[in-house]
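Trainee: Here you go, one structure.
No lab work stands behind these numbers, since they all come straight from the coordinates. Note that the coordinates shown come from a computational prediction; the quantities given were computed from them, not determined experimentally.
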Amino acid sequence: MSSGPTTKNPSTILKNFLNLRSLTTPFCTSSADYETTSAKTGAYLSVDIQCSQQVADMLSEALLCFGAVSTSMVEPDSCNSNDEVSLGSIFTVSHDVHQSIALAADSVGLKETPVYKVTTGYQSDWIDNARESFNPVQVKEGLWIVPEWITPPDDQATIISLNPGLAFGTGDHPTTKLCLLLLHSLIKGGETVLDYGTGSGILAIAALKFGAASSVGFDIDPQAISAARHNASLNIIGPDKLQLQIVPSNIDPSSTGQWQWAMTDNNVEDRDLNDLEIITRKEKYDVVVANILLNPLLNLADHIVSYAKPGGVVGLSGIILEQVPTVVERYSGLLEDITVSEIEDWACISGTKRSISS
């Protein structure tokens with residue numbers, strides 16, 4: 001076997017330290033708990049997962065989306081007929097590893113949870129290594145994603161400052177780039193935008209940089225909301241322009257009563273309870289973008305589209321090319337004029353919400 005990580009795109013090195021995904025994960029321990037533990041012990045959980053090579057790429061991405069801080073893959077020896085590969089993943093010490101692996105496996109269609117082994121590791125310079133790995137990302141000419149500790153390479157360009165160490169969304173992954181390019185093409189000035197599963201807040205922030213009047217970001221992970229608020233402040237964006245709302249998981253999205261109960265049960269702050277209308281108000285947004293995973297895109301299709309105004313545009317990403325027909329079929333009754341853009345093996349689907357009379 002070869003040793004060391006293999007990659008299918010340049011973002012894997014960065015992901016090895018930083019990316020945490022939010023919308024499709026359950027509520028997790030707060031970042032403060034992790035930071036306290038990390039500062040005292042430098043500990044993390046190293047997980048070795050055995051899986052088929054055929055699903056390794058998708059499972060690797062799904063693990064990141066369900067809380068893994070890093071993934072790397074060791075490919076089998078070319079002389080070995082066994083197609084199993086070993087996926088190495090890193091989790092914070094407080095994370096429920098079994099739940100994350102089970103959810104990730106289910107999201108890519110595996111009927112059983114893969115065999116895995118967990119060991120505890122120690123790495124005091126984790127964040128420092130991450131910072132060394134993350135460089136400015138040029139999404140297109142005149143548009144850069146720049147870590148907060150680096151001077152922007154082009155002071156004439158649109159700059160989105162970011163600290164990507166807290167939540168998924170750094171600008172270098174193809175799905176994030178696709179969504180950024182979609183927003184750039186759609187926003188002409190004055191639009192309202194919803195980022196469904198905001199993560200680091202990069203898409204909601206970008207929409208405002210492009211000229212949107214206001215943005216809203218939903219997420220079920222308190223850590224992601226904290227990250228997005230920090231990144232909004234880096235870009236001198238206040239709550240009058242960007243509203244960030246934590247929402248509960250595992251409930252009927254259409255039930256206002258369940259939203260209210262779940263938010264209280266999860267000890268959501270009073271100011272967030274007062275913003276319940278943000279979650280339940282439908283047909284409000286000119287643009288809705290959801291960069292999540294296949295299963296939630298399918299299961300939450302009606303809920304996602306319900307936030308868009310009739311004639312509004314809905315963008316969907318977080319999927320590989322071979323999943324496009326399934327997603328298009330699911331949304332064909334909700335959207336019209338559906339188009340697909342792609343970078344490498346990843347896709348972004350967009351379409352216009354059908355009017356009630358359609």
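Trainee: Per residue of the stretch 342-353, in order, report the coupling 6.51 cos²θ - 1.76 cosθ + 1.60 (Karplus, θ = phi - 60°) as ³J(HN,Hα) in whole Hz, putting x for Gly and Pro.
Mentor: The phi angles translate into 8, 9, 6, 9, 10, 9, 10, 9, 9, x, 9, 5 Hz.
Trainee: Name the residues whose placed amide hydrogens come within less than 5 Å of the amide hydrogen of residue 84, ignoring near sequence neighbours (fewer than 5 apart) on the same chain.
Mentor: 53
Trainee: Determine ³J(HN,Hα), in whole Hz, for all residues of the stretch 281-298 in sequence, where each value follows from phi through the Karplus function 6.51 cos²θ - 1.76 cosθ + 1.60 and θ = phi - 60°; x replaces Gly and Pro.
Mentor: For the stretch 281-298, the Karplus curve yields 6, 10, 6, 10, 10, 6, 9, 10, 10, 10, 9, 10, 10, 4, 4, x, 4, 6 Hz.
Trainee: Evaluate the relative contact order of the stretch 43-121 (contact order divided by residue number), counting alpha-carbon pairs under 8 angstrom at least 6 apart; express in whole percent. Let's see the in-between values first.
Mentor: Numbers: 146 pairs, mean separation 36.2, N = 79.
Result for the stretch 43-121 is 46 percent.
Trainee: Quick one: grab the alpha carbon gyration tensor of the stretch 43-121, order the square roots of its eigenvalues as a ≥ b ≥ c, and give me rounded if a/c is under 1.5, else prolate or oblate depending on whether a/b is larger than b/c. Don't jump to the answer; show the numbers that get you there.
Mentor: Numbers: a/c = 2.10, a/b = 1.40, b/c = 1.50.
It is oblate, given that a/c is not under 1.5 and a/b is not larger than b/c.
Trainee: Spelling out what I want: for every residue of the stretch 307-316, take phi, set θ = phi - 60°, compute 6.51 cos²θ - 1.76 cosθ + 1.60 (Karplus), and round to whole Hz; glycine and proline get x.
Mentor: 6, 7, 5, x, x, x, 9, 10, x, 10
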